[in-house]
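Student: Sharing a structure here in structure tokens format.
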Amino acid sequence: MTDLLQQRFGSEIQAAFARYPAGREKSAALPLLYLAQAAYGHLSTEAIEEVAQLIGSDSTHVRGLAGFYSLFLEQPHGGFVVQYCNDLPCALRGSEDFLPVLEEKLGCKAGATSADGLFTLECVMCLAACDRAPMAQINLDYVYDLNPESLDLLVTELRAKAASDPERRAPFGFGPPSEMK
Ligand code: FES
């Protein structure tokens, strides 16, 4: 069993536990999963096992919990995770037609990560912003009213951000607020 999470975020783990009564360590599962994603890069088997051990649970339960949330990522991913909505309202506003444009600009197909490791593209169900369809979520930010021109501009801006801030190339993760990108 690895202890990368404890090595990197020992004090943050204790702070998460301190929010709950003694004996209720399982209540800190979600904060610890955020930290584990930052520590390991994604929620690998090792990451899940370490969280399970810390909260006194089993890894199947923790895996099931993580699987419920779309921003917990079980596979290696890029610095920018693009969750592109192609549910019905967005599709009616052109998201299906625009997807090939986005794939070409990012350099990867939906469900894949670009060869340079910068982008992961996922098609997702409704993100509850249908009034501004088509839309996408990029890491923690929503972008709205997409069309081929705005997608082109958006990807150009993301590449420029990555060029000026090499940390942006690291896998998108969660951690203490100061570490959230
Ligand atoms: S269908 Fe895309 S945000 Fe609702």
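The values are calculated or read from the model by the stated rules, or taken from the named source; none is laboratory data. As the structure is a prediction and not an experimental result, all values here were calculated from the model. Neighbour counts run over all protein chains shown; Cβ positions are idealised from the backbone, glycine included. Heavy atoms of the whole protein, side chains included, go into the accessibility calculation; ligands, DNA and RNA do not. Shrake-Rupley method; radii C 1.70, N 1.55, O 1.52, S 1.80 Å.
Student: With the structure loaded, tell me whether Ser70 is closer than 16 Å to Pro171 by Cα and of a type in the set (Ser, Thr, Tyr) or whether it fails that test.
Tutor: It is true that Ser70 is closer than 16 Å to Pro171 by Cα and of a type in the set (Ser, Thr, Tyr).
Student: Pick from the stretch 45-80 the residues that are in a loop (DSSP other than H, G, I, E, B) and at pLDDT 95 or above: which of them is least open to solvent (accessible area, probe 1.4 Å)?
Tutor: Applying the filter and picking the extreme gives Ser57.
Student: Which residue, of Ala39, Ala15, is at pLDDT below 95 and farther than 21 Å from Asn139 by Cα?
Tutor: Ala15
Student: I've got another one for you. Filter the stretch 110-160 down to the residues that are loosely packed, with under 13 Cβ neighbours inside 10 Å, under 20 Å from His77 (Cα atoms) and not polar (S, T, N, Q), then identify the one that is farthest from the ligand (Cβ to nearest atom).
Tutor: Across the stretch 110-160, the extreme among qualifying residues is Ala115.
Student: Checking Phe172 against (1) in a strand (DSSP E or B); (2) at pLDDT below 95: exactly one of these is not met. Which one?
Tutor: Exception for Phe172: condition (1).
Student: Please go through (1) under 30 Å from Ala15 (Cβ atoms); (2) over 19 Å from the mean Cα position of the chain (by Cα) for Gly79 and return the number of the only condition it doesn't satisfy.
Tutor: (2)
Student: If I filter the stretch 92-99 for residues that are modelled with pLDDT of 95 or more, more than 9 Å from the ligand (Cβ to nearest atom), crowded, with 17+ Cβ neighbours inside 10 Å and not in a loop (DSSP other than H, G, I, E, B), do I get at least one hit?
Tutor: Scanning the stretch 92-99, I find at least one residue that is modelled with pLDDT of 95 or more, more than 9 Å from the ligand (Cβ to nearest atom), crowded, with 17+ Cβ neighbours inside 10 Å and not in a loop (DSSP other than H, G, I, E, B), so the answer is yes.
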